[in-house]
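Chemist: Below you will find the structure I want to go over with you.
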Amino acid sequence: PEGTATWQAERVGSLRSGIVEMALAAARAAAEAGDQRPVFIVPVVWRLCFTGDVAGGLARELTHIERALDLGSDPRRSLRDRFAALLGGLLMARAKRLDCPSPEFDPAHPAGYFPAQSRALAAVRARLAAHHGAIDEDLAVAQHRLRRSIRERALRDPDGARQDRALLLELQRLTRLDPSLYGAPTLTQEQMAEVLKATRSALVTRGWRNSLHNTVPIAVGPRVAHIRVPDPIAVHAALQTGTGPEALLAQLHERLQRAVEALGQECEPSAAPFRRDNPLCAPPLTAVLAP
């Protein structure tokens, strides 16, 4: 509850300061009362891994999103090709709907997706900045400030605020589809599922069935939860040494991220057999030496 939901299993999002503030307040109250009991922040991480091949579930999820967004659906195509076509089609369709410049993406060359996405993201940022000032690079900070500014604009320009909310949704969607996470030569089926889940929760929202699906974590196949508890942070000791809340929050984030990465390595043997070639990954450049 003190973090930011990102739909990303491999990256810990920005943390809010509430957990640190509560722990420090408890440590201070205990010290003032002469209570010697220690106060800890206990990190907890988990990773959800499919128990087997879920290609059928991924295909069904693709079909639902394709039809809901009128992007065309061809079940005869391979899963990887449909995945690339969905993201590429959305990139072009959303740019047109939001009245942004074309990202100049060629669906016949899906390896050009991320450069095109970068252009689309820059256009969305420019549109929002024109009405709300500079956009922070930290998505958690940016969306908080933008929501407040959009609410203020709604009082004088409801239509403009409605358009800005759609632009903010696209900013969130594109920022989370980070090439550093999804631009590798292969993708796990868990990564494909989380991209589809984030896409559906952002854009397929009409009707109670979709609302339920986007509220309850309905997966495309059976999963196992791998849970780990990293070393706790001794807040009572930090209080005695004068360690501030910012340093404690950074320490908590670091422990969470390290644990998530270690858990990913533990789960890799079960994920590896179901990895698929990533059509969005540009082939490596090959140097050619002149004779």
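Chemist: Around PRO75, what is the net charge, scoring Lys/Arg as +1 and Asp/Glu as -1 over all other residues with Cβ under 15 Å from its Cβ? Before the final figure, lay out the partial values.
Modeler: Details: positive: ARG60, ARG67, ARG76, ARG77, ARG80, ARG82; negative: GLU61, GLU66, ASP74, ASP81.
Residues near PRO75 contribute +2 overall.
Chemist: Here's another thing I want to ask about it. For the chain, find the longest principal axis of its Cα atoms and tell me its angle to the long axis of helix 79-97, 0 to 90°, nearest 10.
Modeler: 90 degrees
Chemist: Then there is this: First obtain the Kirkwood hydrodynamic radius of region 79-162 from its Cα pairs, then insert it into the Stokes-Einstein equation at 20 °C and 1.002 mPa s, and state the resulting D in µm² per second as a whole number. Please list the in-between numbers first.
Modeler: Working: Rh = 14.3 Å.
The diffusion coefficient I find is 150 µm²/s.
Chemist: Which percent of Cα-Cα pairs in region 1-53 sits in each 5 Å bin, short to long?
Modeler: Once binned at 5 Å, the Cα pair distances of region 1-53 give 4, 16, 19, 16, 13, 11, 8, 7, 4, 2, 1, 0.
Chemist: Once you've got the GNM for the chain with C-alpha springs shorter than 10 Å, pick whichever of ARG76, ARG173, ARG151 has the biggest mean-square fluctuation.
Modeler: Greatest mean-square fluctuation among the candidates belongs to ARG76.
Chemist: If you bin the C-alpha pair distances of region 36-182 every 5 Å from 0, what whole percents do you get?
Modeler: P(r) over region 36-182, rounded to whole percents: 2, 8, 15, 15, 16, 13, 12, 9, 5, 3, 1, 1, 0, 0.
Chemist: Oh, and also: Quick check: the angle from helix 139-154's long axis to the longest principal axis of the chain, C-alpha only, nearest 10 degrees?
Modeler: So the helix axis and the longest Cα principal axis differ by about 80 degrees.
Chemist: Which percent of Cα-Cα pairs in the chain sits in each 5 Å bin, short to long?
Modeler: Binned Cα distances yield the sequence 1, 5, 10, 12, 14, 14, 13, 11, 8, 5, 3, 2, 1, 0, 0, 0, 0.
Chemist: A further question on this structure: Could you please put PHE274, PHE40 in sequence from largest to smallest accessible area, using a 1.4 Å probe?
Modeler: Details: PHE274 55, PHE40 100 Å².
The most accessible residue leads, giving PHE40, PHE274.
Chemist: Here's a follow-up. By accessible area of protein heavy atoms, probe 1.4 Å, what ranking do MET22, MET92, MET192 get, highest first? Write out the running numbers ahead of the final one.
Modeler: Details: MET22 115, MET92 65, MET192 10 Å².
Putting MET22, MET92, MET192 in descending order of accessible area: MET22, MET92, MET192.
Chemist: Could you work out [θ]222 nm for the chain from helices alone, using -39500 (n - 2.57) per DSSP H run of at least four and dividing by all its residues? Round to the nearest 500 deg cm²/dmol. Don't skip to the answer; put the middle values down first.
Modeler: On the way: 11 runs with 164 residues, N = 291.
Here the helix-only value at 222 nm equals -18500 deg cm²/dmol.
Chemist: To the nearest 10 square angstrom, how much accessible area does ASP106 have with a 1.4 angstrom probe?
Modeler: 70 Å²
Chemist: Whole-Hz Karplus ³J(HN,Hα) for region 187-197, in order, using 6.51 cos²θ - 1.76 cosθ + 1.60 and θ = phi - 60°, x for Gly and Pro?
Modeler: Using θ = phi - 60°, the values come out as 10, 7, 5, 5, 5, 4, 5, 5, 5, 5, 5 Hz.
Chemist: Further question: For SER78, list long-range residues whose amide hydrogen, built 1.01 Å from N in the peptide plane, is under 5 Å from its own amide hydrogen.
Modeler: Under 5 Å from the amide H of SER78 lies no amide H from a residue far enough along the sequence or on another chain.
Chemist: Treat each spin label as a single point 7 Å out from the Cα along the C-beta direction, and report the ASP99 to ARG148 distance in nm.
Modeler: For ASP99 paired with ARG148, the spin-label model returns 2.8 nm.
Chemist: Across region 263-274, in residue order, what do the Karplus-derived ³J(HN,Hα) couplings come to in whole Hz, using 6.51 cos²θ - 1.76 cosθ + 1.60 with θ = phi - 60° and x for Gly and Pro?
Modeler: 5, x, 5, 5, 8, 4, x, 7, 8, 4, x, 10
Chemist: Restricting things to alpha carbons, tell me how big region 100-140 is in terms of Rg and Dmax, in Å.
Modeler: In order Rg, Dmax, the Cα atoms of region 100-140 give 12.2, 37 Å.
Chemist: Quick one: among GLN240, GLN172, GLN251, which has the greatest mean-square fluctuation in a GNM of the chain with alpha-carbon springs under 10 angstrom?
Modeler: GLN240
Chemist: Another question, then. Give me a comma-separated list of calculated 3J(HN,Hα) values for region 22-36, in order, Karplus coefficients 6.51, -1.76, 1.60 applied at θ = phi - 60°, integers in Hz, x for any Gly or Pro.
Modeler: Per residue, the Karplus-derived 3J(HN,Hα) values read 5, 5, 5, 5, 5, 5, 5, 4, 5, 5, 5, 8, x, 7, 8 Hz.
Chemist: Rg(Cα) of region 130-255 divided by 2.2 N^0.38 Å? Mind showing how you got there, number by number?
Modeler: Working: Rg = 19.7 Å, N = 126, 2.2 N^0.38 = 13.8 Å.
Output field value: 1.42.
Chemist: I would also like to ask the following. Taking 0.36 nm per intervening residue step and subtracting the Cα-Cα distance, what contour gain separates LEU79 from GLU268 on full extension? Before the final figure, lay out the partial values.
Modeler: Details: separation 189, 0.36 × 189 = 68.04 nm, distance 2.10 nm.
Gain on extension, LEU79 to GLU268, equals 65.9 nm.
The values are calculated or read from the model by the stated rules, or taken from the named source; none is laboratory data. Remember, predicted model here, so these are calculated numbers, not experimental data. Ideal geometry is used to build each Cβ from the backbone, glycine not excepted, and the neighbour counts take in all protein chains shown. Keep in mind that these areas ignore ligands, DNA and RNA; they rest on the heavy atoms of the full protein, side chains included. Shrake-Rupley method; radii C 1.70, N 1.55, O 1.52, S 1.80 Å.
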